[in-house]
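The values are calculated or read from the model by the stated rules, or taken from the named source; none is laboratory data. Note that the structure is predicted; figures quoted are calculated from it, not measured. Neighbour counts run over all protein chains shown; Cβ positions are idealised from the backbone, glycine included.
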Amino acid sequence: MKSTVSIIVPVYNGRDFIGRLLHSIVSQDYRPIEIIAVDDGSTDGSGDLLRRAAEKLNYRAANIGGGVESAGGYAGITMRVISQSNAGICRARNAGLDVATGEYITFMDQDDLIARHGIAAMCDAADGSDIVYAGCTLTDERGRIKEHWRLSPEDMWSRFRISAPWAKLFRRSFLDEHGIRFMDAKISEDFYFCFVAMSYAAKTSVIGDEVYCWVVRGSSESHKNMSRYSEDRDVFEILDRTIADMNPDTTIDRDCLNYALTKHVFWYLLYVVRSVPDVRAHYKRCISWLRTNVPDYRENPLMRMGLPRGEFAKTRFYVHLMMLMERVGVLGLFVRFMSKL
């Protein structure tokens with residue numbers, strides 16, 4: 001008998017996307033599936049739409065049996081809707097985790113899609129794994145492909161490349177055993193969850209299939225607000241907590257971990273540089289954190305051209321360029337220049 005997969009979807013004012021999202025789930029080649037939609041205090045009627053969809057889907061699943069509708073067979077799919085006051089994506093995902101019953105769990109964002117074979121591909125690769133990592137496709141709002149994020153089972157970096165919780169399959173008992181939940185934060189919450197989980201995983205699998213479609217929208221929260229500096233979006237609080245909560249006996253590749261931490265700090269250094277009140281203090285804080293927590297970041301063997309294998313060429317270029325500028329002492333000048341653009 002196949003294992004049930006719980007798909008947790010936080011929803012906030014996602015009325016325009018719910019139909020496409022559910023269509024991609026009920027079209028899956030895999031059964032059984034439990035959909036857990038968490039309405040995070042929507043004000044656009046998303047909650048009512050979700051509840052109507054759940055009522056319709058559960059009725060069809062119970063009464064049509066194996067019948068096939070235009071969107072796929074409903075048998076083996078159930079849907080549950082949880083409503084909460086607006087508390088953010090972290091609490092919404094945690095609420096879903098607390099009620100999930102599937103042996104495996106995956107996550108979706110409200111405006112994204114999953115390939116028809118996505119759940120089946122990850123389950124086929126699970127074989128007792130605590131985490132299965134898969135690739136994804138990035139598209140714009142019109143469905144035009146922008147990038148392919150393909151993973152390779154041979155490259156250790158594939159486990160570190162995508163810090164989002166989607167395009168992954170987690171064994172639920174593993175998450176519960178180690179108390180792994182999302183940290184209530186407004187930035188880098190995905191980084192925390194995925195890296196803490198990775199540190200405790202006894203077995204992981206990687207597949208090259210692009211099972212997930214990440215739809216990048218210019219109107220999304222990440223584009224509108226996340227690049228604006230504020231005290232409640234302190235990435236170092238999350239990074240400190242990540243390091244503190246990771247398994248101290250983890251066997252994950254330290255060079256990959258340190259590269260990921262360095263890349264994340266470099267990303268943050270530039271991400272909010274146009275809105276920080278003091279650019280010099282911002283730069284010094286970023287470099288100070290690296291020197292304290294990743295003391296050998298300059299000597300990391302992955303800080304060489306062509307490495308890490310599996311990383312985007314353009315990402316490697318930017319990380320290595322910033323590292324070179326930091327080594328020769330001009331990164332601070334570059335950051336101040338970027339703040340004025």
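Would you confirm, using the coordinates I've provided, whether Asp184 is part of a strand (DSSP E or B) and more than 14 Å from the chain's Cα centre (by Cα)?
Taking the combined requirement at face value, the residue does not satisfy it.
So is Tyr30 within 25 Å of Glu103 (Cα to Cα), among the hydroxyl-bearing types (Ser, Thr, Tyr) and at pLDDT 90 or above or not?
In short, yes.
When you check Asp232 against the structure, is it outside the structural domain of Phe334 (by TED's automatic domain parsing), in a loop (DSSP other than H, G, I, E, B) and surrounded by fewer than 20 Cβ atoms within 10 Å (Cβ to Cβ), yes or no?
Yes: the conditions hold for Asp232.
Under 25 Å from Ala62 (Cα atoms), surrounded by fewer than 17 Cβ atoms within 10 Å (Cβ to Cβ) and hydrophobic (A, V, I, L, M, F, W, C): which single residue out of Val99, Val81 fits that description?
None of the other options fit; the residue is Val99.
If the Cβ limit is 8 Å and pairs must be 6+ apart or interchain, which residue in segment 279-290 that is without any contact (Cβ under 8 Å) to a residue 60 or more places away in the chain pairs with which residue that is basic (Lys, Arg) and surrounded by fewer than 18 Cβ atoms within 10 Å (Cβ to Cβ)?
Qualifying pairs under 8 Å: Arg280/Arg336; Tyr283/Arg336.
Looking only at segment 198-228, filter to residues that are part of a helix (DSSP H, G or I) and at pLDDT 95 or above; which one of those is surrounded by the most Cβ atoms within 10 Å (Cβ to Cβ)?
Met198
Any idea which of Asp44, Asp16, Asp39, Asp48 is charged (D, E, K, R) and either under 18 Å from Arg91 (Cα atoms) or modelled with pLDDT under 95 (or both)?
Every option except Asp39 fails the conditions.
Residue-by-condition table, conditions (1) at pLDDT 95 or above; (2) small (Gly, Ala, Ser):
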{"site": "Asn247", "(1), (2)": "yes, no"}
{"site": "Arg254", "(1), (2)": "yes, no"}
{"site": "Leu257", "(1), (2)": "yes, no"}
{"site": "Ala260", "(1), (2)": "yes, yes"}
{"site": "Lys284", "(1), (2)": "yes, no"}
{"site": "Ser288", "(1), (2)": "yes, yes"}
{"site": "Tyr297", "(1), (2)": "yes, no"}
{"site": "Leu302", "(1), (2)": "yes, no"}
{"site": "Arg309", "(1), (2)": "no, no"}
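Count, please, the residues in segment 245-266 that happen to be under 18 Å from Arg291 (Cβ atoms) and either among the small types (Gly, Ala, Ser) or surrounded by 16 or more Cβ atoms within 10 Å (Cβ to Cβ) (or both).
Number satisfying all stated conditions: 11.
Which ones in segment 1-59 are among the β-branched types (Val, Ile, Thr) and without any contact (Cβ under 8 Å) to a residue 40 or more places away in the chain?
Thr43
Looking at this structure, is Phe195 farther than 30 Å from Asn13 by Cβ, touching a helix residue (DSSP H, G or I) at 6+ places or on another chain (Cβ under 6 Å) and not in a loop (DSSP other than H, G, I, E, B)?
So Phe195 does not fit the description; no.
Across segment 116-158, which residue is surrounded by the fewest Cβ atoms within 10 Å (Cβ to Cβ) among those that are within 12 Å of the chain's Cα centre (by Cα) and farther than 22 Å from Val26 by Cβ?
Among those residues, the one meeting the criterion is Gly135.
Of everything in segment 157-181, what is polar (S, T, N, Q) and either assigned to a strand (DSSP E or B) or out of contact with any strand residue (DSSP E or B) (no Cβ under 8 Å at 6 or more places or on another chain) (or both)? Give them in sequence order.
Residues satisfying the conditions are Ser163, Ser173.
Being aromatic (Phe, Trp, Tyr), part of a helix (DSSP H, G or I) and surrounded by fewer than 17 Cβ atoms within 10 Å (Cβ to Cβ) is the filter here; which residues of segment 272-322 pass it?
Matches in segment 272-322: Phe317, Tyr318.
From Thr251, Thr242, grab the single residue that is out of contact with any His (no Cβ under 8 Å at 6 or more places or on another chain), of a type in the set (Val, Ile, Thr) and part of a loop (DSSP other than H, G, I, E, B).
Thr251
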